[in-house]
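Here's the structure we're looking at; comments come further down.
The values are calculated or read from the model by the stated rules, or taken from the named source; none is laboratory data. No experiment lies behind these values; they were computed from the predicted model shown. Here the Cβ positions follow ideal geometry from the backbone for every residue, glycine too, while neighbour counts run over all protein chains shown. For accessibility, only protein heavy atoms count, side chains too; no ligands or nucleic acids. Shrake-Rupley method; radii C 1.70, N 1.55, O 1.52, S 1.80 Å.
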Amino acid sequence: MMDRFKAFLYAIKSEVWSQSSGKAALTLLSFLIILSIVSAIMLPPNFVSVWNDPKPWGIKPKDAPPQWAAFFGYSCAPHYEADLRGFRYVLGISGNEVSLKYTLTYNLNSKSFPQGIAIKIDGLSLVGVQSFRIVLNITRPDGVTVPAVLTYLTTATNGSIAITSIVLNPDTMKLAGTLITLYPQLLSVVNLNDIAMNYPTYLFGTLTNTSRISPLNGLYRLELLVIIAVPRIATAADVNNIVNAFRDSQDFRVAVIGTCYGVLGTDYRGRDIGLALFFGLPIALLIGIGTAVLTTLIGLFAGLVSGYYGGAIDESIQRFIDVLGSIPLLPILILIAVAVQQAYGANPYKPIIMLLVILGTLVVFGWGGLAIVVRSMTLSIKSEAYIEAAKVAGASNWWIMVKHIIPQLLPYIAAQMVYSAPSAILTEAGLSILGIQHGLPTWGGILADARIYGNVSYWWWIFPPGIAISVTSLTFVLLGLSLERAVEPRLRRV
Amino acid sequence: MSIGIIIMRRAVFLALALIIAVFLTGFIIGATGYVDNVVKAIINEEVRAYRQALSKMPNVNQSYVDKLTRSYQQMLVRTYGLDKPWIYRIIPLVYSTLIFKFGDVQQTSVAEVAGFQLPAKASDVILACLPRTIVMITVAELITIVLALLIAPRITFKIGSLADRIAVIYAALTNAIPVWWLALVMIFIFSYRLGVAPQQFRGVIKVLSTMSSAFMAGNAVSFFSSFGNLLSYVWLPILTIVITLLGPWIYSTRAMLLRIVREDFVLAAVARGLPQKVVLRKYILRPALSPIMTSVLLGLAGTLGGYIITESVFDWPGMGTLYYQAIASGDPATILGLTYILTLVYVVARFILEVLYVALDPRVRL
């Protein structure tokens, strides 16, 4: 059996490989499988919760096209991020205060304004301190320093400060006031509220003529002061303690948020679409291959039993398939998915449960067609003389099915199996489009967001996930086509 | 067995399948407790409003308000049938659906798809949405079928030629591209970038109602002018669907014809020197008629349910959107009514096919 199976696999492989569509399919398939293994290995264990948490994405550009869009004439304000944990600082000690001064430069050279400024701190814990203060001053290319663009102050409780995760943004009203004191002429064009609503435009812009604000290109100097007060005159031990605390924090970075980001752009929360595409691949493949293998196994077994044994078993299986075939699959699938979504709303395993339920429903409703084909083929093989001979020689039913019937069915089943993969992938993605989301970052989920939050107007949000879905299912379609041609000589060229 | 008995048996089993489908839907609605949650939310909302109205009255006695509210809540629980297990609510609903007495729509959002306000009957809502799905999806499917039946026979004799290979590649591509994604792309290009298609498709409700009233009044001018309006709404969805469906349709028709092309009687006809046209018409298309009829009829029957995802993407107020809205908001009468109607259409189409096989294919009668 094993040898025959190997020979069959080898024959299929060489037959498929001899066709150009087969070559394309096998190449694509191995590429996808390797990529998804890499992705599954690299997937951080808490990725789903990070993905759905707005905080980690607070310092990324929102609705930003990919960086390479600049080559096609899109004006990109550069995105600048500096991890301050490894950054050079100037230490200052005065009285009971220890200060770390970071100086960074941001080069704006664009027709558009950055989206803003933010500081992100994760997992910082300071012990034996009184207060923790941050001040960010920006010196513009025109030489004017805007003081206290972003300020932050927190005081210790019981001598310690613990920050799990925060994203700091400028106090826009205060910043607007500062900008107006520095540039009183702004008031002739806009009022305070407008500046506050749209502070990056005025922080990074200049009044070119009486009414137009355009970006002020050049080098911006960002001066970030971190000031920590300790309850005594600061000692070397305090400085050591503070410096270590910052170095050991999980994240401490400042960002000038640009308008282009990453390989595939970002969504409405600033999440990297490229990441979702990368980590969505194993899920899509799992659904496609899982559904295909399970439906095929059930269809093979049911069709075989139905055709081989006949009689009441056959009749009941066929009528069961009739009933299954009459039920509208998609509405039932949506109904089940929505019900499960509601029932397991708060369950941490909800994504897995929903994924399994969707997969299960696709399998339960999907095996009928194959079972009908397998049955009719079994019927014709059963009446062959060598089956009679095997029976006379005392072969059991099981033996006949495994030894004589299944090997003949295999090629057809292989083609059918491959064909059922893309429809499962497309159906699962389609469910996400309807808003039935299990919470895992899938390709369909990104498309759904593009519809709801992107108003169908951002190309980097629509094209890459759709192309990813299409290429994956095209792989299976091409494989199916060439398998079908390999086993069905009538489809070959004369 | 005589043909009559075979057909009767099929009719019985198909009817059974229909009933089981509706029961299964009812079972999923009831057993998962999904609709119960929706009803509970409605009751809580009504009770809250009731309590608020009572508290607004002058010199209220709090304990009296509590007592009144409690009895009001118990009354609501009894009216909605929440005091009994779900089976007592679902079974009567399934039964009345099966005898075409669809219940009332409970959710505003479901009635809104049809352009109605509550109270509305599920049957009226379904009937209002049906024409909108027909003008978009059924028409698109018809166009696809006609094109496929025109193109496929032309490439049957030229298997492996350039035209054939293009058709196969096109079919493989469109088989892999989801319709709803192409819909998103088409909306992105034609509605948002080029501005030649509408961004909101709900306006089709008004166009169709002016069309039907103009038709009733016999006003030809108004009818044709709103027909132009209708075209401005439907062309993009129809184009989208035709582009994606045409490939698979051509491929499957081609496969059906190819199965016959290699038959001995076709070879014999070619060998006799009959012209290709005659061979195609008399020796290939005739035996291919019944499988082609099957996919045409089942395909058309399937369109009446709307394409749930594609309609949602276009925000097209048809059967698919209605179905989805009913499921998403938990409206049992509409869900069961739609499941019943759609399964009924499918089952009837299957039955017609059984009869047609006997009429079209003399081999069955042997």
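Below is a table of values for the structure above.
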item: Nearest-0.05 FRET efficiency for B:SER161 and A:PHE31, computed from C-beta distance (R0 22 Å); result: 0.10
item: Electrostatic dipole magnitude of segment B:226-344 [Cβ: Lys, Arg +1; Asp, Glu -1; Cα centre; debye, to 20]; result: 920 debye
item: Isolated Cys in the protein assembly as shown, by beta carbon distance under 4.7 Å; result: B:CYS129
item: Percent carbon-and-sulfur accessible area, the protein assembly as shown, ignoring ligands, DNA and RNA, probe 1.4 Å; result: 65 percent
item: Cα-centre dipole for segment B:124-331 with unit charges at Cβ (Lys and Arg positive, Asp and Glu negative), debye to 20; result: 920 debye
item: Positive minus negative residues near A:GLU97 (Lys, Arg vs Asp, Glu; Cβ under 15 Å); result: +2
item: Complex-versus-alone comparison for segment A:332-371, residues with a loss of 30 Å² or more in accessible area, probe 1.4 Å; result: A:ILE332, A:ILE334, A:LEU335, A:VAL338, A:ALA339, A:GLN342
item: Contact order normalised by residue count of segment A:34-173, Cα under 8 Å, 6+ apart, percent; result: 21 percent
item: Two-site label geometry, B:ASP66 and B:ILE134: point separation in nm, points 7 Å out along Cα→Cβ; result: 5.9 nm
item: Most mobile listed residue (B:THR133, B:THR108, B:THR240) in chain B, GNM with C-alpha springs under 10 Å; result: B:THR108
item: Theoretical FRET efficiency, 1/(1+(r/R0)^6), r = Cβ-Cβ of B:ASN219 and A:GLU97, R0 56 Å, to 0.05; result: 0.10
item: Axial C-alpha extent at least 30 Å, average Kyte-Doolittle at least 0.0 - helices from chain B (DSSP); result: B:3-31, B:220-261, B:332-360
item: Cut-off under 5 Å, modelled amide H: who pairs with A:GLN130 long-range; result: A:ALA229, A:VAL230
item: With all protein chains modelled, accessible area of A:SER470 [1.4 Å, Å²]; result: 10 Å²
item: Rg over Rh [alpha-carbon atoms, Kirkwood Rh] for the protein assembly as shown; result: 1.04
item: Leading residue at positive end of dipole, chain A (Cβ point charges), from A:SER18, A:VAL487, A:ILE413; result: A:SER18
item: Chains A and B, summed buried accessible surface - 1.4 Å probe, Å², nearest 100; result: 4500 Å²
item: Ordering of A:327-333, B:282-288 by burial proxy (mean other Cβ atoms within 10 Å per residue, highest first); result: A:327-333, B:282-288
item: Restricting segment B:201-270 to trypsin sites (Lys or Arg not before Pro) in coil, as DSSP defines it, with at most 15 other Cβ within 10 Å; result: B:ARG262
item: Coarse-grained scattering of segment B:124-331 at q = 0.08, 0.12, 0.14, 0.19 Å⁻¹, given as base-10 log I(q)/I(0) from a Debye sum over alpha-carbon atoms; result: -0.37, -0.73, -0.90, -1.28
item: Residue-normalised accessible area of segment A:76-257, expressed per residue, 1.4 Å probe, Å²; result: 46 Å²
item: Among B:LEU142, B:ILE3, B:TRP249 - extreme Cα towards positive end, dipole of chain B, charges at beta-carbon; result: B:ILE3
item: Highest-fluctuation residue, B:TYR233, B:TYR251, B:TYR72 considered, GNM on chain B with Cα pairs under 10 Å; result: B:TYR72
item: Choice from B:TYR34, B:TYR307, B:TYR340 showing the highest fluctuation, given a GNM over chain B with Cα pairs closer than 10 Å; result: B:TYR34
item: For segment B:231-317: accessible area per residue (Å², 1.4 Å); result: 41 Å²
item: Options B:THR174, B:VAL185, B:GLY330, ranked by Cα towards positive dipole end of segment B:124-331, top entry (Cβ charges); result: B:THR174
item: FRET E, pair A:TYR309, B:ILE189, Förster distance 60 Å, beta-carbon r, rounded to 0.05; result: 0.60
item: Built amide H within the under 5 Å cut-off of B:GLY160, gap 5+; result: B:ARG165
item: Summed side-chain charge close to A:TRP51 - residues other than A:TRP51 whose Cβ falls under 12 Å, Lys, Arg +1, Asp, Glu -1; result: -1
item: Summed residue charge, Cβ within 11 Å of B:VAL47's Cβ, Lys/Arg positive, Asp/Glu negative; result: +2
item: Accessible surface ranking that places the most exposed of A:ARG269, B:ARG51, B:ARG10, B:ARG165 first, with a 1.4 angstrom probe; result: B:ARG165, B:ARG51, A:ARG269, B:ARG10
item: Interchain or long-range residues, amide H under 5 Å from A:SER165's placed H; result: A:GLY123
item: Computed magnitude of the charge dipole of chain A (debye, nearest 20; Cβ of K, R +1, Cβ of D, E -1); result: 540 debye
